[in-house]
Amino acid sequence: MIVLEECKKTRIKTAVFDFDGTISTLRCGWENVMEPLMTEILYGSTPTAEQIGVVRDYISASTGIQTILQMKWICEQLTAMGREPLSPWDYKEEYNRRLLQMVEVRRAHAASGAAKEYLMKGSREFLLRLKK
């Protein structure tokens, strides 16, 4: 629970939010985009359960780090397999393309009147209080 109280000591002039997930869930479920991307790159279209497990374990362990570092991991794995990887930036570009497909569907749904479904609980009230 967030408790907001008026601050009498100083006036807030600026608030900074990261661009990705601070007040919305538009990108929620990114793991469902990352997992198939990683398994396809590393193991092809028919990965084994063990291979999927390796990818899931890595995603779980790497949640919160920059995407480019996750893409570098893919490159390291490919190199260890004796394969020549693309640039980590190439893999990140493909990940972003797939992620934005998901986000665009959600944005269209939000624009059609369902915006509340994608807001973090209390975020609207927080922003209104911050503005005040």
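The values are calculated or read from the model by the stated rules, or taken from the named source; none is laboratory data. Since the model is a prediction, treat every value here as computed from it, not as a measurement. Every residue, glycine among them, receives a Cβ derived from its backbone with ideal geometry; neighbour counts consider all protein chains shown.
Search the stretch 89-123 for residues being over 20 Å from the mean Cα position of the chain (by Cα) and of a type outside the set (A, V, I, L, M), and hand back the single one that is surrounded by the most Cβ atoms within 10 Å (Cβ to Cβ).
Just the residues of the stretch 89-123 that are over 20 Å from the mean Cα position of the chain (by Cα), to begin with: 111-114, 122.
Then keep just the ones that are of a type outside the set (A, V, I, L, M); that gives 112-113, 122.
Details: Ser112: 8, Gly113: 8, Gly122: 13.
It comes out as Gly122.
Taking the criterion of being part of a loop (DSSP other than H, G, I, E, B) and in contact (Cβ under 8 Å) with a residue 40 or more places away in the chain, would at least one residue in the stretch 118-125 satisfy it? Within the stretch 118-125, one or more residues are part of a loop (DSSP other than H, G, I, E, B) and in contact (Cβ under 8 Å) with a residue 40 or more places away in the chain.
As a summary of the residue check, Ser60 satisfies the conditions (1) surrounded by fewer than 11 Cβ atoms within 10 Å (Cβ to Cβ); (2) within 29 Å of Ala15 (Cα to Cα); (3) modelled with pLDDT of 90 or more except for the one numbered (2). Among the conditions (1) surrounded by fewer than 16 Cβ atoms within 10 Å (Cβ to Cβ); (2) in a helix (DSSP H, G or I); (3) in contact (Cβ under 8 Å) with a residue 12 or more places away in the chain, the only one that Gly29 does not satisfy is (2). Every condition in (1) of a type outside the set (Val, Ile, Thr); (2) farther than 24 Å from Thr25 by Cα; (3) in contact (Cβ under 8 Å) with a residue 24 or more places away in the chain; (4) surrounded by 12 or more Cβ atoms within 10 Å (Cβ to Cβ) is met by Leu86 except one, and the failing one is (3). Of the numbered criteria (1) of a type in the set (Phe, Trp, Tyr); (2) over 16 Å from Pro36 (Cβ atoms); (3) in contact (Cβ under 8 Å) with a residue 24 or more places away in the chain, the one Tyr91 fails is (2).
Residue by residue through the stretch 45-58, note down the ones that are of a type outside the set (Val, Ile, Thr) and in a loop (DSSP other than H, G, I, E, B). Let's see the steps before the verdict.
Filtering the stretch 45-58 for residues of a type outside the set (Val, Ile, Thr) gives 45, 47, 49-51, 53, 56-58.
Passing the criteria: Ser45, Pro47.
Of all the numbered requirements in (1) touching a helix residue (DSSP H, G or I) at 6+ places or on another chain (Cβ under 9 Å); (2) touching a residue at least 60 places away in the same chain (Cβ under 8 Å); (3) of a type in the set (D, E, K, R), Arg129 misses one, and that requirement is (1). Look at Ile52 and say whether it is without any contact (Cβ under 8 Å) to a residue 40 or more places away in the chain, within 19 Å of Val33 (Cβ to Cβ) and more than 15 Å from the chain's Cα centre (by Cα). Here the answer is yes, as Ile52 does meet what is asked.
Out of Leu37, Leu69, Leu42, one residue alone is part of a helix (DSSP H, G or I), over 27 Å from Lys121 (Cβ atoms), in contact with an Asp or Glu (Cβ under 7 Å, 6 or more places away or on another chain) and aliphatic (A, V, I, L, M). It is Leu37.
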